[in-house]
Amino acid sequence: MAATDLERFSNAEPEPRSLSLGGHVGFDSLPDQLVSKSVTQGFSFNILCVGETGIGKSTLMNTLFNTTFETEEASHHEECVRLRPQTYDLQESNVHLKLTIVDAVGFGDQINKDESYRPIVDYIDAQFENYLQEELKIRRSLFDYQDTRVHVCLYFITPTGHSLKSLDLVTMKKLDSKVNIIPIIAKADTISKSELHKFKIKIMGELVSNGVQIYQFPTDDEAVAEINAVMNAHLPFAVVGSTEEVKVGNKLVRARQYPWGVVQVENENHCDFVKLREMLIRVNMEDLREQTHSRHYELYRRCKLEEMGFQDGDGDSQPFSLQETYEAKRKEFLSELQRKEEEMRQMFVNKVKETELELKEKERELHEKFEHLKRVHQEEKRKVEEKRRELEEETSAFNRRRAAVEALQSQALHATSQQPLRKDKDKKN
Ligand code: GTP
Ligand code: MG
């Protein structure tokens, strides 16, 4: 191909031309094809429930999906917060839903609550990491990948009527860039209507002043813009959960029965349960899934890849090269390894030198000690020798004296034995 042709092709800007069709072709069935494919494939939806032990998480899930999920009651003695995911297969008409409910077990039960949010953040990140790992695989299977990324976090607020607890604010703040948070006031039947109204305003004020981003129902799609805008103004939803059926008039309705009356779960004058169900399941489930992928997961992915050294090129001038990034990262890693090796070697040499010096010092000390002991020993030996000589001299002097004494004694004895003989002789004479 001539150079001019190449230039012409590479510089050519594709300009789509509008054509009118001569008859029906059939690509208007594309949306139906998509729907049919999605229906066959099924959907997954993952809900994270965060709230104090016994706040009504399981009851609300049962009420929302009109079934009984098997869950155990949590004890108040968990050492730390534990995430417990449970997956269920649900079917409505011909649509299959793989629903995962993740319970933050033991939330708010520890004396030190500083790190209560950490296991929740770690769980959310771990699900993003699993997805990213799948994406980075050479042989990916994202089509039938069991997506465990958390699509929504229902944050159960205790109906105190006061302000939000610092634990709630800290946890929501830590989660808001990772998951779509929908705050709900649990057990709303335990708070009066006027108190509830004030409580809602207070909560929203506190969330705004602390910069906590909660999920806003989208208003860009005309079909749902109006209802979503109205519902955004009702946040946080005040809900009541119950699976008990009570007869009201001629109908059996889900409600909580008290000595003074009945609180109907699905009565909009009694609580916001219906609003929550509409927003969460019927209107915005797909948006929650999409936001999770395009906003929260994207942020995680970007940070993670940047951390790994990947960068996008500078617009059109420098296209991103995986090979170059890999090489640069490898070089960086090798030089870091070399630096660490050199550091370790130097440390080892220093340590050996230090030990050598210590040993030399010890040897010198020992030598000095030995010399000193040797001197002491020689001195002692000399003293003992002197003592021995003195003793020997004393012994010989003593022996000499004894010999002299013995000689004197024998002379004296001889003299005394001669004297009576002379006396006898004198008498006889
Ligand atoms: P753990 O999983 O053990 O942390 O508890 P939970 O948050 O799942 O609470 P659960 O649904 O087990 O409910 C605890 C108690 O609260 C039960 O006795 C429920 O009947 C009661 N309860 C649940 N929802 C409501 C509610 O909306 N209002 C009132 N008043 N009580 C509720
Ligand atoms: Mg429970």
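The values are calculated or read from the model by the stated rules, or taken from the named source; none is laboratory data. Nothing here was measured: the structure is a model prediction, and the numbers come from that model. FYI the Cβ positions are ideal-geometry reconstructions off the backbone, even for glycines, and counts take in every protein chain you see. Ligands, DNA and RNA are excluded from the accessible area calculation, which covers all protein heavy atoms including side chains. Shrake-Rupley method; radii C 1.70, N 1.55, O 1.52, S 1.80 Å.
If you put +1 on each Lys and Arg Cβ and -1 on each Asp and Glu Cβ, how big is the dipole of the range 242-362 around its Cα centre, in Debye rounded to 20?
Numbers: 22 positive and 26 negative charges, 135 e Å.
Rounded to the nearest 20 debye, it is 660 debye.
Over the range 222-293, what is the relative contact order in whole percent, taking alpha-carbon pairs under 8 Å and six or more residues apart? Write down the numbers at each step before the final one.
On the way: 72 pairs, mean separation 17.4, N = 72.
Answer for the range 222-293 is 24 percent.
Which three numbers, in whole Å and largest first, are the semi-axes of the equivalent ellipsoid of the range 7-76 derived from its Cα gyration tensor as √(5λ)?
Details: eigenvalues 574, 84, 19 Å².
For the range 7-76, the ellipsoid semi-axes come out as 54, 20, 10 Å.
Please give the solvent-accessible surface of residue 367 in Å², to the nearest 10, using a probe radius of 1.4 Å with every protein chain present.
Looks like 110 Å² after rounding.
Enumerate by residue number the GluC sites (Glu not before Pro) in the range 215-310 meeting two conditions: DSSP loop (anything except H, G, I, E, B), and at most 11 other Cβ atoms within 10 Å of the site's Cβ. Working shown, then result.
Details: sites: 222, 226, 244, 245, 266, 268, 278, 286, 290, 298, 306, 307; in loops: 244, 266, 268.
Listed in order of number, the matching sites are 268.
Any idea what log10 I(q)/I(0) is at q = 0.13 Å⁻¹ for the range 322-416, Debye with uniform C-alpha scatterers and no solvent?
-0.80
Within 10 Å of each candidate Cβ there may be at most 14 other Cβ atoms; applying that plus a DSSP loop requirement, which GluC sites (Glu not before Pro) in the range 97-204 survive? Spell out each step's value before the answer.
Values: sites: 115, 129, 134, 135, 195; in loops: 115.
Qualifying residues, ordered by number: 115.
Give 57/173; 165/304; 340/362; 200/304; 165/251 a once-over and call out the pairs whose C-alpha atoms are over 30 Å from each other.
Values: 57/173 21 Å; 165/304 32 Å; 340/362 33 Å; 200/304 37 Å; 165/251 40 Å.
Beyond 30 Å: 165/304; 340/362; 200/304; 165/251.
Please identify the longest segment of the chain free of exposed trypsin sites (Lys or Arg not before Pro), where exposed means a DSSP state other than H, G, I, E or B and no more than 16 other Cβ atoms within 10 Å. Intermediate results must be reported in sequence, preceding the final value.
Values: sites that count: 17, 113, 137, 139, 140, 165.
After excluding every exposed loop site, the longest remaining stretch is 166-429.
Hey, got the dipole for the chain? About the Cα centre, +1 on K and R Cβ, -1 on D and E Cβ, debye to the nearest 20? Display every interim value, and only then the final one.
Details: 62 positive and 75 negative charges, 807 e Å.
Using only the charged Cβ atoms, the result is roughly 3880 debye.
According to the Cα gyration tensor, what semi-axes, each the square root of 5 times an eigenvalue, does the equivalent ellipsoid of the range 68-143 have, listed from largest to smallest in whole Å? Don't skip to the answer; put the middle values down first.
Details: eigenvalues 168, 92, 10 Å².
One finds semi-axes of 29, 21, 7 Å for the range 68-143.
Under a 10 Å cutoff between Cα atoms, tell me which one of 310, 348, 45 has the largest fluctuation in the Gaussian network model of the chain.
348
Relative contact order for the chain using alpha-carbon pairs under 8 Å, separation at least 6, rounded to a whole percent? Intermediate values should be presented prior to the final figure.
Values: 444 pairs, mean separation 48.1, N = 429.
Relative contact order comes out at 11 percent.
Which percent of Cα-Cα pairs in the range 1-144 sits in each 10 Å bin, short to long?
Pair shares across the bins are 9, 23, 22, 18, 11, 9, 7, 2.
For the range 247-374, what is the convex hull volume of the alpha-carbon atoms per residue, in Å³? Display every interim value, and only then the final one.
Details: hull volume 41.4 nm³, N = 128.
Hull volume over Cα atoms, normalised by residue count, gives 324 Å³.
Positive end of the charge dipole of the chain (Lys, Arg +1 and Asp, Glu -1 on Cβ, about the Cα centre): tell me which of 127, 66, 337 has its Cα farthest that way.
So the residue furthest toward the plus end is 337.
Kindly write out, for the range 151-165 in residue order, the coupling ³J(HN,Hα) from the Karplus curve 6.51 cos²θ - 1.76 cosθ + 1.60 (θ = phi - 60°), rounded to whole Hz, with x marking Gly and Pro.
Computed from phi, the couplings for the range 151-165 are 8, 8, 10, 8, 9, 7, 9, 5, x, 7, x, 8, 10, 5, 6 Hz.
Assuming 0.692 mPa s and 37 °C, estimate D for the range 181-327 with Stokes-Einstein, Rh taken as the Kirkwood radius over Cα pairs, in µm²/s.
Values: Rh = 18.9 Å.
My calculation gives 174 µm²/s for D.
When the helices in the chain are scored as -39500 (n - 2.57) per DSSP H run of 4 or longer and the sum is shared across all residues, what 222 nm value do you end up with, to the nearest 500 deg cm²/dmol? Before the final figure, lay out each step's value.
Values: 11 runs with 216 residues, N = 429.
Mean residue ellipticity, 222 nm, calculated: -17500 deg cm²/dmol.
Rounded to a whole number, what % of the accessible area of the chain do carbon and sulfur atoms account for, probe 1.4 Å? Before the final figure, lay out the partial values.
Working: 15930 of 30190 Å².
Carbon and sulfur atoms account for 53 percent of the accessible area of the chain.
Taking every eigenvalue of the Cα gyration tensor of the range 123-253, multiplying by 5 and rooting it, what semi-axes result, largest first, whole Å?
Three semi-axes, in Å: 33, 21, 16.
Rolling a 1.4 angstrom probe over the protein heavy atoms, how many square angstrom per residue are accessible across the range 108-156? Provide the component values of the computation, followed by the final result.
Values: 2620 Å² over 49 residues.
Averaged over the residues of the range 108-156, the accessible area is 54 Å².
Heavy atoms only, probe 1.4 angstrom, no DNA, RNA or ligands counted: give me 273, 27 ranked by accessible area, highest first. All intermediate terms of the calculation are to be shown ahead of the outcome.
On the way: 273 0, 27 140 Å².
Listed by decreasing accessible area, they come as 27, 273.
So if the hydrodynamic radius of the range 172-233 is defined as the Kirkwood radius over C-alpha pairs, what does Stokes-Einstein give as its diffusion coefficient at 20 °C and 1.002 mPa s, in µm² per second?
Values: Rh = 13.3 Å.
Once the numbers are plugged in, D ends up at 162 µm²/s.
Taking all pairs of different Cα atoms in the chain, averaging 1/r and flipping that mean, what Kirkwood radius in angstroms comes out? Kindly include the intermediate steps, with their values, before the conclusion.
Details: mean 1/r = 0.0325 Å⁻¹.
Radius from the Kirkwood sum: 30.8 Å.
Considering only protein heavy atoms, what is the solvent-accessible area of residue 58 at a probe of 1.4 Å, reported in Å² to the nearest 10?
Ignoring ligands and nucleic acids, residue 58 comes out at about 40 Å².
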